[in-house]
Structures are given as structure tokens and as C-alpha cells.
């Protein structure tokens, strides 16, 4: 990306974003970094630009705002109420008071997230999280290896000529913070972190905040009270099929990656006892887990429905392990759990670790 002036072409969506930022930063001109070749013209960067403001309070930080996930120029989508994907990304990153230029890696992070949305069609939302399998800034020793998303605390949702637009802030998390958010809810975790993390400004140098006063207590109390708000798990390895057995009823074989086993069991125990289902989604197949009075596995509308009794859930948690092999639960004789080894790679493709 190259620093330039904001696009002067007819761009009512762009102008609406500018107006929102002008209310927050009256009289202050941002640094604007525009994409050399736009995505619509075959470029590699989905965002047309990113503007950056420098802040001193409540802590010195850069405030990044994207242009390109909403409809900046013309109305192309069919939903008149929503502009494009319905949001733009923001990011707050600590800086030194003497810093004159924002770091390049932050632009790459925002472009990579936008590329994920454009290519996968998966929209990130307030209260969601993302494990990026490595440091949020490549080449650093930061403990921040996950992201959370929350409505920017200073930029409310706006109405543009092309529909509604939310400003969604990226927040860097440590792995144990991410796990706490998954056990309870990401929004609740972020609210607990806020007294120690003003405006949710990301600081690459910070340690985990889970041992700060009140944070662990809030997570434990919220989890016991609410269970987990994570109703959908996206996994890379998932499949199910029917296996015939001689002179006996067929069984359903559920294939899982070893790296997802512990998270699945944790999510099931924090969803099903609270009367909430869990939706497990792979690239081609999906499984809906619910609680019930009898354990069973049935196919419906090309989706596998697995019902677990409290006893079956307890037995599954005591049996299934993140180790290669086939596992069976006595309470659910019609299911075989096939666990495969998982190789985890970082954004550069290097092997980070092997599970199973």
C-alpha cells in the first residue's frame, strides 16, 4: 500500500465513513494508505484504503480504519439495508508518542482479514474470535496469537446511501484469553478486560491479563451462569459416513481432527446441559449436537443430527481423546469416533505443531 490522499471520485459510501471519522477527530487529517491496484481490477488487496489517526489518550495509539468492506462507490448488493458486507474494520495499536509512521504489519493484518471475508464469504461479527495459529505480527515474540471482534467503542453504526455500516474493531488476545472467551462469551471477556485495556487498544508487548483482579472471577462466574455462547464451531477436518457391519446394524463414523477434540468436548459440556445445541461445521459436512432423553445419530437434510443424553455426554468426555484412533461410547453404540492427526501451520505455511 502507498500513502496518498483519499479517493476524490464519486464515492458516497467513502464520504459517509469520512464524515463519521470527522466527528470523532474534528480538524485532524489522517494518514491515508491507498491500494495501488484495486481488488475489482485484479489486485491482491481487497481494501481500497486504510486511514490512520494518531491518538494520545487514554493511551498513545494508532487508530486504523478500513475502506472497502462496505460499498464505497455504487450499490451492487441486493440488500438495500446493508452496505456491502455490512462493516468496516478498525484496529487500535499502541505507539510511542514520538512515532511518526504506523507499522506495516498492521496493514497486512487488516488486508488479510478482508481477503478472508472476500474469498470465504464468512462475515466476522461483534463478539466473535479467531485463532490465527501464530503471532498477530509475524516475526515478533508477542504473546498475542488470537483476535476478537467488537463494535468500535467510539464509532457507532452509521447509515450510508448504500445501507447500514458497523465499525468492527480488531482486538489482539493471548491464547488463554481466547480460551476463556470460548468457554463463556467473547463479549463478556472483553468487558472484563476493558479496565486493564482502555478502548481495547492492542499492545504487542503485554502479557496475558487473565490474572488481573476480577478477570478470572468474571469468567468463572459467567461461565457457570450462562454456559458458552459459542453455538458454532468451524473445523478443518470433519466428515461422517455409514459403515456396514456383518449381521448387525450399520454404524455412523464421525471423522475429526485431533486438534478439535478437546474444544468439542468443552463446547458440548458448556452448551448441551444449558439446553443449547452445538453446530459443528466442516468444509463439506456438518453435525448438529443436541441434548435429549435418548442418544441417537440420524441424517436429516444431508446433515447429521447427534442427540446425547447427560450420561452419554459424560461417557464421551471420559472416552474421546486427541490421539489417533477409533473411539466408541457404550451409551451410543451406533457411533464410531475416528480421530485423525492434525498438522497446524502458521500464515507463512510453516508447521507450528502436530496434534495426535
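The values are calculated or read from the model by the stated rules, or taken from the named source; none is laboratory data. Bear in mind the structure is a predicted one, so any value in this text is a computation, not a measurement. As a convention, Cβ positions derive from the backbone with ideal geometry for all residues, glycine included, and neighbour counts pool all protein chains shown.
Would you mind stating whether residue 172 is closer than 17 Å to residue 130 by Cβ and outside any helix (DSSP H, G or I)?
When the stated conditions are applied, residue 172 passes them.
Restrict the check to the stretch 227-250 and report whether at least one residue is closer than 30 Å to residue 290 by Cβ and part of a helix (DSSP H, G or I).
No, because not a single residue in the stretch 227-250 is closer than 30 Å to residue 290 by Cβ and part of a helix (DSSP H, G or I).
Conditions: (1) under 23 Å from residue 263 (Cβ atoms); (2) surrounded by 15 or more Cβ atoms within 10 Å (Cβ to Cβ); (3) in contact with a strand residue (DSSP E or B) (Cβ under 8 Å, 6 or more places away or on another chain). Residue 166 meets all but one. Number of the miss?
Single failed check for residue 166: (1).
Go through (1) farther than 18 Å from residue 158 by Cα; (2) in contact with a helix residue (DSSP H, G or I) (Cβ under 7 Å, 6 or more places away or on another chain); (3) surrounded by fewer than 21 Cβ atoms within 10 Å (Cβ to Cβ) and name the single condition residue 73 misses.
(1)
How many residues, within the stretch 288-311, are over 22 Å from residue 226 (Cα atoms) and modelled with pLDDT of 90 or more?
1
Which residues, taken from the stretch 86-98, are touching a residue at least 24 places away in the same chain (Cβ under 8 Å) and under 24 Å from residue 31 (Cβ atoms)?
Across the stretch 86-98, the qualifying residues are 87, 88, 89, 90, 91, 92, 93, 94, 95, 96, 97.
Given the structure, is residue 160 farther than 24 Å from residue 228 by Cβ, over 14 Å from the mean Cα position of the chain (by Cα), surrounded by fewer than 18 Cβ atoms within 10 Å (Cβ to Cβ) and assigned by TED's automatic domain parsing to the domain that holds residue 53?
So residue 160 fails the test.
Taking the stretch 247-269 as the search range and keeping residues that are modelled with pLDDT of 85 or more and over 17 Å from residue 235 (Cα atoms), which one is surrounded by the most Cβ atoms within 10 Å (Cβ to Cβ)?
Among those residues, the one meeting the criterion is 252.
Taking the criterion of being touching a residue at least 60 places away in the same chain (Cβ under 8 Å), over 15 Å from residue 336 (Cβ atoms) and either touching a helix residue (DSSP H, G or I) at 6+ places or on another chain (Cβ under 6 Å) or not assigned by TED's automatic domain parsing to the domain that holds residue 340 (or both), would at least one residue in the stretch 252-261 satisfy it?
Within the stretch 252-261 (the criterion being touching a residue at least 60 places away in the same chain (Cβ under 8 Å), over 15 Å from residue 336 (Cβ atoms) and either touching a helix residue (DSSP H, G or I) at 6+ places or on another chain (Cβ under 6 Å) or not assigned by TED's automatic domain parsing to the domain that holds residue 340 (or both)), the answer is no, since none of the residues qualifies.
Pick from the stretch 291-333 the residues that are in a strand (DSSP E or B) and in contact with a helix residue (DSSP H, G or I) (Cβ under 7 Å, 6 or more places away or on another chain): which of them is farthest from residue 354 (Cα to Cα)?
291
Taking the stated definitions as given, is residue 206 outside any helix (DSSP H, G or I), modelled with pLDDT of 85 or more, under 22 Å from the mean Cα position of the chain (by Cα) and over 19 Å from residue 150 (Cα atoms)?
Against the criterion (outside any helix (DSSP H, G or I), modelled with pLDDT of 85 or more, under 22 Å from the mean Cα position of the chain (by Cα) and over 19 Å from residue 150 (Cα atoms)), residue 206 qualifies.
For the stretch 177-202, enumerate the residues that are part of a loop (DSSP other than H, G, I, E, B) and more than 19 Å from the chain's Cα centre (by Cα).
Answer for the stretch 177-202, where residues must be part of a loop (DSSP other than H, G, I, E, B) and more than 19 Å from the chain's Cα centre (by Cα): just 197.
I need every pair where a residue in the stretch 329-356 that is on the phi > 0 side of the Ramachandran plot has its Cβ under 8 Å from the Cβ of a residue that is assigned to a strand (DSSP E or B) and at pLDDT 70 or above, sequence separation at least 6 or different chains.
356/257; 356/339; 356/340; 356/342
Could you tell me whether the stretch 101-121 includes any residue that is surrounded by fewer than 19 Cβ atoms within 10 Å (Cβ to Cβ), at pLDDT below 90 and not in a helix (DSSP H, G or I)?
Checked the stretch 101-121: at least one residue is surrounded by fewer than 19 Cβ atoms within 10 Å (Cβ to Cβ), at pLDDT below 90 and not in a helix (DSSP H, G or I).
Consider the stretch 109-141. How many of its residues are closer than 17 Å to residue 151 by Cα and either outside the structural domain of residue 191 (by TED's automatic domain parsing) or free of Cβ contacts under 8 Å to residues at least 60 places away in the same chain (or both)?
Result for the stretch 109-141: 7.
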